[in-house]
Amino acid sequence: MNTVVMPKMGDTMEEGKILRWIKHEGDTIQKGDALAEIETEKVNIEAEAFVAGVLRKIVAQEGETVAVGAPIALIGKADEALPGEAAPAAQPTAKSAAKAGQQASGANSAAPAASSAATAVAEPPTTPSVGVNGTSGAAQNGGRVFISPLARHIAAEHNLDVAQIAGSGPGGRILRDDVQAYLANPQAAAPAIQTPQAQPAQPMPATPATQMVAEQPTVAVAAAATMAPGEEVRAQPLTVMRKTIARRLQQSMQTAPHFYVTVSIETNKLGEVRNSINEYAAGLPNPVKVSYNDLIVKAVALALASMPEVNVSFDGEQLLFKSRINVGVAVALDTGLIVPVVRDADKRGVLDIARESRRLVEAARAGKLKPDEFSGGTFTVSNLGMFDVESFTAVINPPESAILAVGAIVPTPVVRDGQVVVRDLMKVTLSVDHRALDGAIAARFLQEFKRLLENPMGILV
């Protein structure tokens, strides 16, 4: 029996949500077949089968969030025993009799697993079956309590006795929704046993899976129970993407000491060069339209090439200088924010950057980005100019050390040679991790960036 686990489809992915099962129990599976559609922190991706066989059991149901590496399904032979079940008898009548006898006796303890895959599904080693108050759930209901890691964590947060919660998952497994339903209506089940003299719960082993669950922000569905009567509030559960954005940006603001440097850049010449490029590109066999953001990405890449000390990450003990310049472009989606990456932007021409940016943005909005297309960035550009935002500050995208916030181009009165004239100005603000960069380095980087945009022929040659 082969265990299908939640795949890790990105460097920062820690959990995924089963949106829908493409295959169903009993279906014949070929290696490479799409099994399920999974919502990750950035995109929805189809999980593929790594072996051929029959989909014998779906462990994680649609709508359930599962930690990376946790089992989601079992693939095996059609006549192979499932974990916790006796091997199929040779005669159908004997099999039926054994099944009827098991139902009559009311037995709820599973037979010892015959393989490592069976052990992984029946009793995950990273989440031992202990009660929240330190007592075994089996001691209270006479059998083993099956509960998902996330459901156990939420139950522990609210000091619930998991033995009092009815599970709706396979084999009575308690899922997150079951705990949340119990929190919303605890009177529907017997009250949890809470004894003042009870010993505190023993901590679970500090495995990557339990650490991931412990650091996830709790989705406070129980808040509906504490809402004032008549209060008009609509609760909307967080998507995996939104939870990841919240966690990573909170981590960024709490761990990286931000400081900000702002400059105004005159873009009249940049606009003229852009118009010339687009006139030329319109007549190409593969026409493309260059945006201001494409020129900004190119200028950022060239500035990073001339100042490699900005193209770094801070890992707590040392600075990591990146040999490649991969510029991320923040894209706003209805479900959150995603940052596809233009790789080796310093070595690409402006038309190539424009084509690659269009492709990445279209894939992001269609939910078809691949993991390697939104990972590995070394610097990010966030542009809100199209929304008439004149200036703003952006939160650094870890593990990068800086992010550039780009505002709108605004006609502005300025003094040139003692005369007041109108020029197109664009404000940009560099957010910097002070652990990695100092103010002087940030200022010199913006000087170089400004020089390139105000003399845009340097971007093209």
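The values are calculated or read from the model by the stated rules, or taken from the named source; none is laboratory data. Please read all numbers here as calculations on a predicted model, not as lab measurements. Note: ideal-geometry Cβ built from the backbone for every residue, glycine included; neighbour counts use all protein chains shown. The protein model used for the area step is the full one, side chains on, heavy atoms only, and it has no ligands, DNA or RNA in it. Shrake-Rupley method; radii C 1.70, N 1.55, O 1.52, S 1.80 Å.
For the reader, a short list of remarks on this structure follows.
- Each 5 Å bin from zero up to the one holding the largest Cα-Cα distance in segment 256-370 carries the following percent of pairs: 2, 10, 16, 18, 20, 17, 11, 4, 2, 1, 0.
- Separation of the V410 and R358 label points, Cα + 7 Å toward Cβ, nm: 3.1 nm
- Prolate/oblate/rounded label for segment 17-74 (Cα gyration tensor, a/c 1.5): prolate
- Virtual spin-label span in nm between E232 and L284, 7 Å along Cα→Cβ: 5.3 nm
- Length gained when the stretch E46-D334 is fully extended (0.36 nm per residue, less Cα-Cα span): 101.6 nm
- Carbon plus sulfur fraction of accessible area for segment 16-70, probe 1.4 Å, in percent: 43 percent
- For segment 249-401, size of Cβ-based charge dipole, Lys and Arg +1, Asp and Glu -1, in debye: 460 debye
- Surface composition of segment 384-439: carbon and sulfur atoms hold 54% of the protein heavy-atom accessible area at a 1.4 Å probe.
- Among the protein heavy atoms, those of F314 account for about 60 Å² of accessible surface (1.4 Å probe, every chain in place).
- Taking the average, over residues, of other Cβ atoms within 10 Å as the packing measure, peptides 54-63, 22-31 rank 54-63, 22-31 from highest down.
- Shape call, segment 302-351: gyration tensor on alpha carbons, a/c limit 1.5: oblate
- Projecting the Cα atoms of V331, V273, V300 onto the charge dipole of segment 259-358, computed from C-beta unit charges around the Cα centre, puts V273 farthest toward the positive end.
- Using a Förster distance of 56 Å, the FRET efficiency for R444-K77 (Cβ separation, nearest 0.05): 0.30
- Charge-dipole axis of segment 358-461 as Lys and Arg at +1 and Asp and Glu at -1 on Cβ define it, positive-most pick from S382, V361, Q447: V361
- In a simple Cβ point-charge model (Lys, Arg +1; Asp, Glu -1; nothing else charged), segment 339-413 has a dipole of about 300 debye relative to its Cα centre.
- Gyration tensor verdict on segment 385-452 (Cα atoms; rounded if a/c is under 1.5, prolate if a/b is larger than b/c, oblate otherwise): oblate
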